Amino acid sequence: MNRHFQDPGVQAILLDIEGTVAPVEFVYGVLFPFAREHLRSYLQDAAQAAAVRSDLQDLYQEYRAEQPQNPRLPDWSGDTLEGAIAYVEFLMDCDRKSPGLKSLQGKIWTQGYQAGTLQSQLFPDVVPALFRWREQGKQIFIFSSGSVQAQQLIFRYAEQGDLTAHIRGYFDTKTGPKKEASSYRAIAAAIGNPPETLLFISDVEAELEAAQAAGLKVLLSVRPGNEPILNPTFRTLTSLDQVF
Ligand SMILES: CSCCC(=O)C(=O)COP(=O)(O)O
Ligand SMILES: [Mg+2]
């Protein structure tokens, strides 16, 4: 195997999920439809739970901030479930990486994974890479727009079994947006490593630009089903087999 990315200075690997370790088709074809289908029944059952109320408060704040500029928003007075459902559906329609939406989706998926209805699909090179990198002493972290809970589920309920032992830590957009350099500086600080000892792998060039600006090493993930990038600015990989 030609492991063409070798850099002895890299001590930790930060992985995106969708388009890097999991196929876009799994996220858009399985996870997102599951959350949409179960949104109403989930909120009807759980809207009074403290964690769900907190998500709804975050969503309502986002709604109030957006409402004056966006005539396409559905009506939501803040105290109706119908309004909440309509706004969450609106956010899902535009694939908004909203922390409130992502947190709610993670809670809905939890039920699906625990019931055995959902199982996560990862590219076949992911599990060998996790074992190989750990044997080489590299730490593995995740940074995704999906909530930390959703990320943990992906690795706990993989078709290949529970992979959470391989993952040292998880970061979501509570740390900061994926397209801002400050988020990557915050992640490096949280991990306790200088930025240049981290390698970030993602399918989105704007995320790599931000990570590179923060001093991280970066690689562009090119996978079946990803948005095609005609002239990539960054070094590409088509399999994690190519890294270390
Ligand atoms: C954590 S699985 C669900 C992924 C998700 O909700 C999403 O928006 C994908 O974002 P990513 O940053 O992993 O490309
Ligand atoms: Mg991605």
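The values are calculated or read from the model by the stated rules, or taken from the named source; none is laboratory data. This structure is a prediction, so every number in the text was calculated from the model and none was measured. Every residue, glycine among them, receives a Cβ derived from its backbone with ideal geometry; neighbour counts consider all protein chains shown.
Quick look at the values:
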| item | result |
| --- | --- |
| Identity of the residue in the stretch 189-207, away from ligand 1 (no atom under 12 Å from the Cβ) and buried (at least 21 other Cβ atoms within 10 Å of the Cβ), that ends up nearest to Glu25 (Cα to Cα) | Leu199 |
| Matching residues, the stretch 194-224, being at positive phi and within 16 Å of ligand 2 (Cβ to nearest atom) | none |
| Residues (closer than 12 Å to Phe5 by Cβ, crowded, with 20+ Cβ neighbours inside 10 Å and out of contact with any Ser or Thr (no Cβ under 8 Å at 6 or more places or on another chain)) located in the stretch 208-244 | Lys217, Leu240, Val243 |
| Meets criteria (within 20 Å of the chain's Cα centre (by Cα), away from ligand 1 (no atom under 11 Å from the Cβ), touching a residue at least 60 places away in the same chain (Cβ under 8 Å) and more than 28 Å from Leu208 (Cα to Cα)) for Gln119 | no |
| Residue within the stretch 173-193 that is at positive phi and within 19 Å of the chain's Cα centre (by Cα) present | yes |
| The stretch 212-228, residues that are within 14 Å of Thr20 (Cα to Cα) and either touching a strand residue (DSSP E or B) at 6+ places or on another chain (Cβ under 8 Å) or in a helix (DSSP H, G or I) (or both) | Val218, Leu219, Leu220, Ser221, Val222 |
| Residue in the stretch 129-166 that is nearest to His4 (Cα to Cα), counting only those that are more than 15 Å from ligand 1 (Cβ to nearest atom) and among the small types (Gly, Ala, Ser) | Ala129 |
| Cβ-Cβ under 6 Å pairs, at least 6 apart or on other chains, the stretch 122-133 side over 13 Å from Ile154 (Cα atoms) and among the hydrophobic types (A, V, I, L, M, F, W, C), far side at pLDDT 95 or above and part of a helix (DSSP H, G or I) | Ala129/Leu240; Leu130/His166 |
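For (1) away from ligand 1 (no atom under 16 Å from the Cβ); (2) surrounded by 21 or more Cβ atoms within 10 Å (Cβ to Cβ), each residue gets a yes or a no:
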| residue | (1), (2) |
| --- | --- |
| Pro23 | no, no |
| Phe32 | no, no |
| His38 | no, no |
| Ala51 | yes, no |
| Leu59 | no, yes |
| Pro68 | yes, no |
| Ser103 | no, yes |
| Gly112 | no, no |
